[in-house]
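Down below is the structure, laid out as structure tokens.
The values are calculated or read from the model by the stated rules, or taken from the named source; none is laboratory data. Quick caveat: nothing in here was measured; it's all calculated off a predicted structure. Cβ atoms come from the backbone with ideal geometry, glycine included; neighbour counts cover every protein chain shown. All accessible areas refer to the heavy atoms of the entire protein, side chains included, with ligands and DNA or RNA removed. Shrake-Rupley method; radii C 1.70, N 1.55, O 1.52, S 1.80 Å.
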Amino acid sequence: MLRPVRTLAKETAVVFNPKYPSPYQHVIMSQQFVPSFLEEVFVLADRIRADEASFRDTLQGFVVAEHFSEASTRTWYSFGAAAVRLGAHLVCSQGSDKFSSEVKGESLEDSIRVISGNVHLIVLRHVDDDSSRRAVAVSKVPVINAGSGKTQHPTQALLDAYTIQRERGRLGNLIIGVAGDLTRGRTCDSLVYNMAKYPGNTFRFVAPYNCKPKPGLLQHLREHGVPFTEHESLEEVVHDVDVLYMTRVQTERFDDPEEAQSTRGKLILHAHLAKHMKDDAIIMHPLPRVDELPKEVDANHRARYFEQADNGLWVRMALLTMLLTRQS
Ligand code: CP
């Protein structure tokens, strides 16, 4: 028996920043989250992880859509597996830029209007920077941003924070190195907006001259009194970071392919460099990795990127449960 499409309430009991929708309704950017929301996600993720059998029918009767116009491995499989493992049905378009009616010129808004009339929740990855806001404006059901152009990937930030909490035992009082293509990457922004909420955190941004952090992100940190430093080499930061978050050069987002190729390989965490990190520091990466994280680093006891990827399943199971079953 199909459950009725959930009506989206205008307000929820928890007070969130009124500039953004409640994350219990739509998940579009990390600025929506407050620590109590993260805590709720993490506690539920841990409960599901410890006793998955008890949650097998939680989403029975719900239909979840995955609508992806950009390539994905982790986000695609983990959202799909999360929905199915909770008992939901899944309907999908991976390669929606090739296989949905977007090919015929249909707008994202029209596609989302139609999809939201058929399902209970939409997981959207789209090349447009503003795609999730555009989708939320027309959707009748919750929308989860699974990556919007070069702006945000908020569920990655949730699983990143969950990983830091599990591995370091805290979310504040950390020195967090964020390295790679900070101009075109989206996971870094979502991570930083998320972790900037916790007291005592300091950021060390490491990027080649043409991959510097976005001005809006730095402005946000200045406005909130969050300290940060900028660097061009990993040697300057490896010794003092508690968390090192590596990312790849986003070659597909460069205007000039030659510049993209020449930027690859400018920032590499060589195995001999990683050995200079604090003993209890951790190395993270949202993956996929390319040149910046050689396979030799996998043997370093600080490497946590595959555990980080695995954590995505439990966090996304928790998030789907909260958005689809919470009465607001
Ligand atoms: N981390 C991440 O978003 O990976 P995918 O692009 O494979 O989904």
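Here is how the numbers come out for the structure above:
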{"quantity": "Highest-MSF residue in the chain out of PRO227, PRO142, PRO154 [GNM, Cα springs under 10 Å]", "calculated": "PRO227"}
{"quantity": "Computed FRET value (nearest 0.05) for ARG264 with ASP240, which takes r as the C-beta separation and R₀ as 25 Å", "calculated": "0.40"}
{"quantity": "Gaussian network model of the chain, springs between alpha carbon atoms under 10 Å - residue of THR151, THR73, THR251 with greatest fluctuation", "calculated": "THR73"}
{"quantity": "FRET efficiency estimate (nearest 0.05) - Cβ-Cβ, GLN60 to VAL114, R0 25 angstrom", "calculated": "0.55"}
{"quantity": "Under-5 Å amide H pairs with VAL178, H placed in peptide plane, nonlocal only", "calculated": "ARG204, PHE205, VAL206, TYR245"}
{"quantity": "Fraction of antiparallel bridges per DSSP, the chain only, in percent to nearest 5", "calculated": "5 percent"}
{"quantity": "Relative contact order for the range 154-309, counting Cα pairs under 8 Å that sit 6 or more residues apart, in percent", "calculated": "24 percent"}
{"quantity": "Nearest-ten-degree value, helix 154-168 long axis tilted from longest Cα axis of the chain", "calculated": "50 degrees"}
{"quantity": "Length gained when the stretch VAL290-SER233 is fully extended (0.36 nm per residue, less Cα-Cα span)", "calculated": "18.8 nm"}
{"quantity": "Value of relative contact order over the chain, rounded to a whole percent, pairs C-alpha under 8 Å and six or more apart", "calculated": "19 percent"}
{"quantity": "Residue-normalised accessible area of the range 154-309, expressed per residue, 1.4 Å probe, Å²", "calculated": "40 Å²"}
{"quantity": "FRET efficiency estimate (nearest 0.05) - Cβ-Cβ, ARG166 to GLU52, R0 25 angstrom", "calculated": "0.90"}
{"quantity": "Carbon plus sulfur fraction of accessible area for the chain, probe 1.4 Å, in percent", "calculated": "52 percent"}
{"quantity": "Between the range 179-227 and the range 82-139, the alpha-carbon center distance in angstrom", "calculated": "29 Å"}
{"quantity": "Summed side-chain charge close to ALA207 - residues other than ALA207 whose Cβ falls under 10 Å, Lys, Arg +1, Asp, Glu -1", "calculated": "-1"}
{"quantity": "Violating pairs (Cα-Cα greater than 22 angstrom) within the set LYS150/LYS214; LYS19/LYS197; LYS266/LYS295; LYS98/LYS214", "calculated": "LYS98/LYS214"}
